[in-house]
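First the structure, in the form of structure tokens, and then the observations on it.
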Amino acid sequence: MTIKSLLLSSGAALAIVSGAHAADAIVGAEPEPLEYVRICDENGKGYFFIPGTETCLKVGGRVRTEGGWYNAYVAGQTAGARGTYWHTRAELSVDTSTDTEYGPLKTNTVYRWDWQEGGATTTKLLWANITLGGFLIGKADSQFATYTGGAGDVINDDVIDFSLATTELNQITYKYDAHNGFTAVISLEDSNSGAGATGANGENSSNHYAPDIVGGLGYTADTFGFRVVGGYDSIVEEGAIKGRLDAKFDNVQAFLMGGWNTDGDKLNKYAAANGAGLGWGDWAVWSGVGVALNDKLKWNLQLAYDDLKTFEATTNIKWSPVKDLLVQPEITYVNYDVLNKDTWAGMLRFQRTF
């Protein structure tokens, strides 16, 4: 047998054996393809698709701890205002969004936990609402508070109150946005679900079923904006109107806000009492300025005054040493002319947002 014949015979044998083994081989199952989390760019920062669905999800929150020296919301250096305190808060927010033929179907849910030195931890469902096509239904702050925004960029911004009795209430709201700077809002709000279950100032509402009504109009351009909003308290049968002007020039922001009570001799949900038990009287004004000193430091000042001659001044520095971390020292002075008392108060806040 020649070498050539030997090689051909060996190759044929190997081919037969290999074919036999191939016929007997068990083919393994194909691995499942990896499914990566997809980002929802159209919904803004932080949203991602829930795997297997067309719903986008965003999870966020903040952790805050702050110490205080005296209490700006209590008149004079009384027992309620003296001494120091330490307060810690955690919030968790869950937002969802799904595209529909009527626009995004969204939900907003926020949980809050508070603990203060010497007390127990409190837990609450802060907000829980559904929005679609400009409509909002569920629990949120009143449009009287949110449409014009708060006051200054300070902690003690509502010593002269502009919204305390209008937070955390059930409502049906429609917001209109013309996408040219013009906006409007109309809202029916539950009289019994605000800061006080019996109404803003303790009125008996057990046999009352009519909602409170809020409406507002506004226009915002590049460097300025103006909004006006009114609220009617159906229990007291009085209300308030509030207007706000904002301006921004380079690194400087300023605002002026005024409020008018339809009856200065009465408290109502939209012109309620402050921590010292005092209302506005007929009117109140708030003004403030904020200056970005650099990309990590901002200085803020707020002044407020009302018809009862209550005067408040607050200033702070907001320092962000790293992204999403805030350190904020603040000092407040309040003079309660009607009570012939004044108060100095200080705070130091640390806050991490995620």
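Listed values, structure above:
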| read-out | value |
| --- | --- |
| All positions within segment 211-235 that are within 18 Å of Gln171 (Cβ to Cβ) and not in a strand (DSSP E or B) | Pro211, Ser234, Ile235 |
| Some residue of segment 313-325 being farther than 24 Å from Thr88 by Cα and modelled with pLDDT of 95 or more | yes |
| Selected residue (criterion: surrounded by the most Cβ atoms within 10 Å (Cβ to Cβ)) from residues of segment 144-203 that are modelled with pLDDT of 80 or more and at positive phi | Glu168 |
| Subset of segment 224-245 that is of a type in the set (A, V, I, L, M) and over 12 Å from Leu267 (Cα atoms) - its residue that is surrounded by the most Cβ atoms within 10 Å (Cβ to Cβ) | Val229 |
| Selection status of Thr122, loosely packed, with under 14 Cβ neighbours inside 10 Å, over 22 Å from Asn156 (Cα atoms) and of a type outside the set (Asp, Glu) | no |
| Candidate set: segment 277-292, residues that are in contact (Cβ under 8 Å) with a residue 40 or more places away in the chain and either in contact with a Phe, Trp or Tyr (Cβ under 6 Å, 6 or more places away or on another chain) or of a type in the set (D, E, K, R) (or both); chosen: the one nearest to Asp250 (Cα to Cα) | Val291 |
| Selected residue (criterion: farthest from Ala145 (Cα to Cα)) from residues of segment 250-268 that are of a type in the set (A, V, I, L, M) and surrounded by fewer than 18 Cβ atoms within 10 Å (Cβ to Cβ) | Val252 |
| The lone exception for Val110 - which of (1) in contact with a Gly (Cβ under 6 Å, 6 or more places away or on another chain); (2) buried (at least 18 other Cβ atoms within 10 Å of the Cβ); (3) at pLDDT 95 or above it fails | (1) |
| Qualifying residues in segment 83-98 (those that are at pLDDT below 95 and either crowded, with 16+ Cβ neighbours inside 10 Å or among the small types (Gly, Ala, Ser) (or both)) - the one nearest to Trp69 (Cα to Cα) | Gly83 |
| Candidate set: segment 269-286, residues that are closer than 12 Å to Tyr336 by Cβ and under 23 Å from the mean Cα position of the chain (by Cα); chosen: the one surrounded by the fewest Cβ atoms within 10 Å (Cβ to Cβ) | Gly275 |
| Which listed residue is out of contact with any Ser or Thr (no Cβ under 8 Å at 6 or more places or on another chain), touching a residue at least 24 places away in the same chain (Cβ under 8 Å) and under 23 Å from Asp41 (Cβ atoms), from Gly61, Gly103 | Gly103 |
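The values are calculated or read from the model by the stated rules, or taken from the named source; none is laboratory data. As the structure is a prediction and not an experimental result, all values here were calculated from the model. Cβ coordinates were reconstructed from backbone atoms using ideal geometry, including for glycine residues, and neighbour counts include every protein chain displayed.
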